[in-house]
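This report refers to the structure that appears directly beneath it.
The values are calculated or read from the model by the stated rules, or taken from the named source; none is laboratory data. Keep in mind it's a predicted model, so treat the numbers as computed, not measured. Cβ placement follows ideal geometry from the backbone for every residue including glycine, while neighbour counts extend to all protein chains displayed. Just the protein is used for accessible areas: all its heavy atoms, side chains included, with ligands, DNA and RNA removed. Shrake-Rupley method; radii C 1.70, N 1.55, O 1.52, S 1.80 Å.
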There are 6 protein chains.
Amino acid sequence: MTRMSEARVSRFPVPKLEEMPDDIRERIEAVQEKSGFIPNVFLVLAHRPDEFRAFFAYHDALMEKPGNLTKAEREMIVVATSARNECQYCVIAHGAILRIRAKNPLIADQVATNYRKADLTDRQKAMIDFAMKVSQNAQAVGDADFDVLKGHGFDEEDIWDIAGIAAFFGLSNRMANVTTMRPNDEFYAMGRG
Amino acid sequence: MTRMSEARVSRFPVPKLEEMPDDIRERIEAVQEKSGFIPNVFLVLAHRPDEFRAFFAYHDALMEKPGNLTKAEREMIVVATSARNECQYCVIAHGAILRIRAKNPLIADQVATNYRKADLTDRQKAMIDFAMKVSQNAQAVGDADFDVLKGHGFDEEDIWDIAGIAAFFGLSNRMANVTTMRPNDEFYAMGRG
Amino acid sequence: MTRMSEARVSRFPVPKLEEMPDDIRERIEAVQEKSGFIPNVFLVLAHRPDEFRAFFAYHDALMEKPGNLTKAEREMIVVATSARNECQYCVIAHGAILRIRAKNPLIADQVATNYRKADLTDRQKAMIDFAMKVSQNAQAVGDADFDVLKGHGFDEEDIWDIAGIAAFFGLSNRMANVTTMRPNDEFYAMGRG
Amino acid sequence: MTRMSEARVSRFPVPKLEEMPDDIRERIEAVQEKSGFIPNVFLVLAHRPDEFRAFFAYHDALMEKPGNLTKAEREMIVVATSARNECQYCVIAHGAILRIRAKNPLIADQVATNYRKADLTDRQKAMIDFAMKVSQNAQAVGDADFDVLKGHGFDEEDIWDIAGIAAFFGLSNRMANVTTMRPNDEFYAMGRG
Amino acid sequence: MTRMSEARVSRFPVPKLEEMPDDIRERIEAVQEKSGFIPNVFLVLAHRPDEFRAFFAYHDALMEKPGNLTKAEREMIVVATSARNECQYCVIAHGAILRIRAKNPLIADQVATNYRKADLTDRQKAMIDFAMKVSQNAQAVGDADFDVLKGHGFDEEDIWDIAGIAAFFGLSNRMANVTTMRPNDEFYAMGRG
Amino acid sequence: MTRMSEARVSRFPVPKLEEMPDDIRERIEAVQEKSGFIPNVFLVLAHRPDEFRAFFAYHDALMEKPGNLTKAEREMIVVATSARNECQYCVIAHGAILRIRAKNPLIADQVATNYRKADLTDRQKAMIDFAMKVSQNAQAVGDADFDVLKGHGFDEEDIWDIAGIAAFFGLSNRMANVTTMRPNDEFYAMGRG
């Protein structure tokens, strides 16, 4: 079996840091400084600088914005929908982030495997039910879905947030699967302690 | 039945032009000047300025970039995958653009209904086969899919482009379905000639 | 790309008018006189005269009979179920008829793409919900479905009509897909305004 | 549990023989004389005389016509596709006919449950593979399917026959499920001896 | 077509009675004495003695145990779920047992084809609804399913029994399909009289 | 969120060790001594002693038997098929065992999420492809599947083993989902170091 050191990060070319446009290199170096390593999604998408910029701008607009969803809840949406889309990178990388944000070493594996059986509140399960519908059957979303969420205390802006996260990571899942984006070894054990 | 004048463009609030940030209003005014009307996707997404900016940056990075796919071919991918995702806005708006780009008044309805029976080359059908797999079953994409496309003369960068368009419009389709984004009346007859 | 003049109407042999049995030729000439062209379904099925006669007798028994469903509503059922079955001929030809019957240039494209988001009454959406269940999952139809329709004012005979139309066009969709039945160019722009 | 004598034949009204139009009553009486009982499909559809006439004309055009498919093979198509559509009437009634036509008391139950494991020739399995594709996924039928069948000795007219039978019984399956058409008790044991 | 005498019972080797371990041979001889023939499942699984012993111990633990489900009801679960899994052996063999246990020559074919239309009580249909969910979508089973069953008078132990039978025969269906386990000719006509 | 100490192990009653039959209690105590804790599957199934005995006899017959599949490979089959069945207990408990058996801290999360992208040999991927087909679509298994596996060096007995493991854990997945069997906290971090 293969480990990171010898494994390919992407089936597409990955530029060297020094070849990247300044803004991209600087963003990556900032992440590296904070995390101690460069998450491979940055390297893989740097092959396409304009898409890189749009991707992370979209990511930040959904994941960093203020709102009623906690940061852990946003990661729950990512992990549950990415598991359904069988996206190795997103499940493993965002699983790590979820463990850290939720301060719960068990939650990511539970949500990835079957969120209905996870240690979640009913409100959180309703949130993921809706995210899964957006991810898998958005054409059938309608008033009844909004009513269920409002019954759990979500407002219209929260619902847009849930939908946006599910939709954006659907894009991310597809690009990760097509590029064979490899999760960094570091993610697997993060937040388990 | 309802017509545009009285119909809602989105189930979420739609800001007035004069309330929008300058860069967004200016982009919209430029589109309006060129098209003669404001496509509703601009109004619907303006509710979230940061997502608006990232969305159109991503759109342009894929749809306006140079490359081997013609502009008509990119629109074929949009129409076929959006039809499978039952996205009214994208099928009707991009169907219009496809008719214009391909200078063919029949092609959009053919591709939307069953691209396998459309007036396309074998190369174009292979392109859409792959786009549909990315859209519906990206987890199973692998070397064999790349080999088929290369057999039709696509290179690795073209394959990224196809995947990117299918993935990005998957996001767009989900947001359009959740917001009940309404296609402008103008699109239906455009390019029918 | 190919236009009608050079395109094949069917992958099976298509008889010449003068070779057809009298009753079939006369029916076709009557349609041609009324419409100004011969819809290809008549030519394609004329390859099998006995099936032709049964097909159009069945068609007329459902589409021309008196009843509570308007002619436009019957065409809505055809367009929605045929879109789900990806039948190019039926969506494009009956889309044209729907636009004319409903005197609405937008309705066919809306219903074909996602009838849940179309400019329809709740009663019409319930009608199509049921037609889609008959089309895709008739084995699970039961009392609860009948109750929903009765709650919208449909009676048992109307329900038979809805089911009959969905079932008959399921046959038509399959034959059109197997024969690669080509919609006439004339249908695409009919009734658009 | 209920037996025929007390069981309803249809959830819709069933006319008495003496109330039926002459041509329909005569056809039914002829069947009764030949079979010793009236198969319920005749009674159920007699509620709609025009549809009755078209239905049986279509049936006879496909099932009684000359051609390379044996009568037993046509019934195999009916049983396999009707089982997939979970149509009790068609599986049980045509299962009886298949046993008789094939002079094989085992074949109907085998084909209904899993035709891939039935006592069939490879040619017959290819015939049913195609019939199942027409029944479940006709939109994807294309040249490659025709080539497989031709490799087993079927010609284009045979392929139309297979498709026609699968498509027609798809209609029949849906009407039987919506009407809750009950198979006659007599069918269950026929041809088992 | 092939009959039993010349047909293979399994695609794997089938041991002779005299080669089998004593306990297995004795169990088989006891069945043969009672039934008049050796059901093929015993011969096919005897290829793997340890799995044979565990399989029949599990079978007996579920099918012979006391409890509120009648023996006929347990067989209904087997037939309905095995039909959905397209398992020829289980549908045909347990169909025979169901006819005998229920003293009803019609019930097995009804349940195998579409249990929703079978001569069953509402309680029995609810039982099979749940068994089908366990068989096809167990990951979504939750409190609401338990509540429905309790509303029909089932207790928690009955629910375990239903789930256990559906789950165990899911195993059996898969092994029968992989081994091409052939139902004995004797089963087809049993209990029809 | 809930942790083990306060969380229920099963929605069904769980007997105390001292209430269990001797053979079951002894097996559990032996596991506890070896592992340092009692895996919950033992406690949950002890509610039904006869099923417990059959379950573990079957488990051992497949997982402990000699054969060409390594112990790690058997666990790969368990993890991949259980992930598809969304079985939290099996993915998390057998994921731990897989990490230990394969001496690879990354492999379980990779296989659970998308085995096609995992650090596996082509032979192992073919093994899991087949296991997934047995798990999800066993009715379509046929000679072509056997040929693919033989091309990778598997023999008929290996194929039975793969099928048996996929089929047995399909049973296990269903019972775990119905009982809401909770994975022990200990499993999550095992073998990650």
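Annotations for the structure displayed:
- Its Cα centre serving as origin, the stretch B:1-142 has a Cβ charge dipole (Lys and Arg +1, Asp and Glu -1) of approximately 560 debye.
- Average projected area [Cα convex hull, the protein assembly as shown], square nanometres: 45.2 nm²
- What you get for the protein assembly as shown, charging only the Cβ of Lys and Arg (+1) and of Asp and Glu (-1), is a dipole of about 0 debye around the Cα centre.
- Shown in residue order for the stretch E:108-115 are the 3J(HN,Hα) couplings computed by the Karplus curve 6.51 cos²θ - 1.76 cosθ + 1.60 at θ = phi - 60°: 5, 5, 5, 5, 5, 7, 7, 4 Hz (x for Gly and Pro).
- Size check on chain A: the Cα extents along the three principal axes, sorted descending, read 52, 35, 27 Å.
- Distance between the C-alpha centres of the stretch D:97-149 and the stretch B:72-98: 37 Å, rounded to the whole angstrom.
- Our coupling estimate for the stretch A:118-131, obtained by passing each phi through the Karplus curve with A = 6.51, B = -1.76, C = 1.60 and θ = phi - 60°, is 7, 6, 10, 6, 4, 4, 5, 5, 5, 4, 6, 3, 5, 4 Hz, Gly and Pro reported as x.
- Inter-copy label distances at F:D22 (7 Å, Cα→Cβ; nm, one decimal): 2.3, 8.3, 8.9, 8.9, 9.8
- When shorter helices are ignored and each DSSP H run of at least 4 residues is given -39500 (n - 2.57), the per-residue value for the protein assembly as shown at 222 nm works out to -20500 deg cm²/dmol.
- Peptides D:44-54, C:121-131 ranked from most to least packed give D:44-54, C:121-131, packing being the mean of other C-beta atoms within 10 angstrom over each peptide's residues.
- Kirkwood Rh (inverse of mean 1/r, distinct Cα pairs), the stretch E:49-126, angstrom: 13.0 Å
- Measuring nothing but how far apart in sequence close Cα pairs (under 8 Å, 6+ apart) lie, relative to its length, the stretch D:1-131 scores a relative contact order of 16 percent.
- Of F:Y89, F:F52, F:N104, farthest towards positive along the dipole that unit charges on Lys, Arg, Asp, Glu beta carbons give the stretch F:1-122: F:N104
- Debye, to nearest 20: dipole size of the stretch C:112-193, +1 on Lys, Arg Cβ, -1 on Asp, Glu Cβ: 500 debye
- Helix E:156-179 axis, angle to chain E major axis (alpha carbon atoms, nearest 10°): 40 degrees
- Helix axis angle, B:22-35 relative to chain B longest principal axis, alpha carbon, degrees: 70 degrees
- Per residue, the solvent-accessible area of the stretch E:45-179 (1.4 Å probe, heavy atoms of protein chains only, all protein chains present) comes to 28 Å².
- Peptide ranges F:71-83, A:153-165 listed from the most packed, as the mean C-beta count within 10 angstrom indicates: F:71-83, A:153-165
- Heavy-atom accessible surface of the protein assembly as shown: percent carbon and sulfur, 1.4 Å: 50 percent
- Angle of helix C:49-63 to the longest C-alpha principal axis of chain C, folded into 0 to 90 degrees and rounded to 10: 30°.
- Cross-link partners of C:K71 among lysines (Cα-Cα below 22 Å; sequence separation of 8 or more within a chain): C:K34, C:K103, C:K117, C:K125, C:K133, C:K150
- Whole-angstrom Cα spans of the stretch E:91-193 along principal axes, big to small: 43, 31, 22
- Interface D:C - total buried accessible surface [probe 1.4 Å, Å², rounded to 100]: 3900 Å²
- Over all other residues within a Cβ to Cβ distance under 12 Å of A:R25, the charged ones net out to -4, with Lys and Arg as +1 and Asp and Glu as -1.
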